[in-house]
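The values are calculated or read from the model by the stated rules, or taken from the named source; none is laboratory data. All values derive from a computational prediction rather than experimental measurement. Counting neighbours? That spans all protein chains shown, and the Cβs are built from the backbone with ideal geometry, glycine included. Side chains included, ligands, DNA and RNA excluded: accessible areas come from the protein's heavy atoms. Shrake-Rupley method; radii C 1.70, N 1.55, O 1.52, S 1.80 Å.
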Amino acid sequence: MPIPVPHHPVRVRIAPSPTGDPHVGTAYIGLFNAAFARAHHGTFVLRIEDTDQKRSSLASEQAIYQSLHWVGLRWDEGPDIGGPVGPYRQSERSAIYQHHCAQLLASGAAYRCFCSAERLDQVRADQRSRKETARYDGYCRGLDAQHAQAQADAGQECVIRLRMPTDGETEVPDALRGSVVYDNRQMDDQVLLKSDGLPTYHLANVVDDHLMGITHVIRAEEWLNSTPKHLQLYAAFGWQPPVFVHMPLLRNADKSKISKRKNPTSLQFYQRSGILPEAMLNFLGLMGYSRKDPEGDDIEKFSFEEMVADLDLGRISLGGPVFDLEKLRWINGLYIRSLAPSQLAQRALAWLDEDERAGEIASLIQERVPEFGDYLHHASPFYRGTLDYGLQARYLLMGCTAKKKTAVRLSAKASRAVFEDLVGQFEALTDWSVPAIEQAVRSAVEKSGVGLGDGMMAIRVAACGRPASPPLFESIHAIGRATLLVRLRHVQALLADPRMLVEALHAASSELEAARQALQFATEAAQPATDTSGPAAAT
RNA sequence: GCCCCGUUAGUCUAGCGGUCAGGACACGGCCCUCUCAAGGCUGGGACAGGAGUUCAAUUCUCCUACGGGGCACCA
């Protein structure tokens, strides 16, 4: 299905919220927006949706700029570079939303609601127990507008809700799905303006998209179900809605929506572990999308420009693509191999150089580096993304030292408990500092009943992949939370897999066999060569 | 629970009524080779199930199953 393109210039946007680490999903949607804009000689806008005061942060906003730049996305307008329809940060647009909201209030398309959070919770709980769709029950819908206004003026807290039609249907034209029809009775009287005076996503989004002249809203599928509300808003304002394109959601291996619990979702993780930005972009361009050569075979490797050259969003496939690290690594290898050796050297060095942890890492390994040649060996656990855990590492992960292999099963269970506790603590840590890390590690080990030495060894191996490392807490700090959590979860998966134990034992027995053979070989070699001549002696 | 979207091998995908169902990652084998990679060749592996429409369904329609998303004063 071709994407409708009006005659006026194309304007698209991405609108990330600056909460937490810059997300691969943002880059994914950004890629398709940027490519679409470029293909139509349009404009790509970056808008920051920071209306959630509690969760938004400036640091996160900066990280978004950094990471999007890293993958090679460039926007034409945004909070950092300005543009003709700013401001581009929603927290700076409060007056605009309030003004538009007043308009809806005046026309009767919206109304004030004084319901308490407790009452709303109660209503929802009741509805759920009656197996109905949970939504606002319209308690304040009939309130007299003048009276409500007076109450609000008197200082009573309230929100402003959209008055949705109570019958009929809303048809959502989606460029990839055709029209999707919603029964209006299913829909909620969505809150538009929160009691803190800031808009919700829905209001801000519609107002901004209109005011910024957005022609195509290319966003993730999770928004499809709220599009009818947005359409009602456009109608209430008397505005023409944009073309909607809902992209499939990136998935974890188990097909659920991609999440940091199950996958590294932070772009910084990939940057740090040495994924080339062009490989990352290429990989994202393969998610739900494909290009083919004249023979009809799929093209796996392509640049942004090549993607733009024959872009057709209508070819996007709707099944949720699993974000497969294996394939990402393969593509990355493709790019690394295509570099001239001098370029590779240059880029690898630049990669090391741009890592802000350089000094911290150097100070940790300094004592262990008799000559520069040893530097790479000691530094590598800090720069890698995921780690491989060999035989010895697996034993140690299971909480076993060489002395206590007999206690394997018991220890594996205890070490699982350590890692589970630790992941929980590290996720919750607000302060990623060495003392906080130390406290978390100590408490996790103590709670499990594993000896401090064995427990810390298991954690060290999980964190660094080897039993010898700089001091653990400092090392964990330098590795960083995102990467460390990826490693811990990897280890958890290993420990939860009974095959790991079998494999470890199997590997141990073949190692033993190899040792036996080596011994035999050595014994024979040590004997005086009496009859080594002639083939007959071999028997 | 209700609403919506989806479903080609373990994974990413091609296919848009008639194909030996194509390519790629991963996996196995062989070749190359001082090792390891890389590369080449090669093998196994898929249309979720059931009805219908049609001379003909992976492709169109419906039902079922399964997966996912949404149902906040979060985006």
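Extension gain, A:His147 to A:Ile299: 0.36 nm times the residue separation minus the Cα-Cα distance gives 48.3 nm. For A:Glu420, the solvent-accessible surface with a 1.4 Å probe is about 130 Å², rounded to the nearest 10. Given their separation in residues at 0.36 nm each and the Cα-Cα distance between them, A:Glu360 and A:Ala309 gain 14.0 nm when the chain is fully extended.
Each Lys or Arg adds one and each Asp or Glu subtracts one; over the other residues with Cβ under 12 Å from the Cβ of A:Val445, this totals -1.
Which of the pairs A:Lys262/A:Lys447; A:Lys194/A:Lys229; A:Lys292/A:Lys327 have their Cα atoms more than 22 Å apart in this structure?
With Cα atoms farther than 22 Å apart: A:Lys262/A:Lys447.
Axis angle, to the nearest 10 degrees, between helix A:481-496 and the longest C-alpha principal axis of chain A: 60 degrees. Separation between the A:Gln156 and A:Arg185 pseudo-spin-labels, each 7 Å from Cα along Cα→Cβ, expressed in nm? Output for this residue pair reads 3.1 nm. Please determine, in degrees from 0 to 90 and to the nearest 10, the orientation of helix A:58-71 with respect to the longest principal axis defined by the Cα atoms of chain A, where the helix direction is its Cα long axis. Taking the Cα atoms of chain A, the angle to A:58-71 is about 70 degrees.
For chain A, the longest principal axis of the C-alpha atoms and the axis of helix A:94-107 are separated by about 40°. Under 5 Å from the amide H of A:Val243 lie the amide H atoms of A:His216, A:Val217, each residue being 5 or more positions distant or on a separate chain, with H modelled from the backbone and absent for Pro and chain starts. Expressed in Å, the radius of gyration and Dmax of the Cα atoms of chain A are 29.3, 114. At an R0 of 60 angstrom, the distance between the Cβ atoms of A:Gln346 and A:Asn225 translates into a FRET efficiency of 0.80. The simple spin-label model puts a point 7 Å past each Cα toward its Cβ; for A:Asp254 and A:Asp374 those points are separated by 4.4 nm. Taking chymotrypsin sites (Phe, Trp or Tyr not before Pro) across the stretch A:58-157, the ones in a DSSP loop with at most 16 further Cβ atoms lying within 10 angstrom of their Cβ are A:Phe114, A:Tyr139.
Given their separation in residues at 0.36 nm each and the Cα-Cα distance between them, A:Tyr139 and A:Ala525 gain 129.6 nm when the chain is fully extended.
So what's the back-of-envelope 222 nm ellipticity for chain A, counting only DSSP H runs of four-plus at -39500 (n - 2.57) apiece and dividing by all residues, rounded to 500?
-15500 deg cm²/dmol
When a/c is below 1.5 the answer is rounded, else prolate if a/b is larger than b/c, else oblate, so apply that to the stretch A:279-342 with a ≥ b ≥ c taken from the square roots of the Cα gyration tensor eigenvalues. Oblate is the answer for the stretch A:279-342, as a/c is 1.5 or above yet b/c matches or exceeds a/b.
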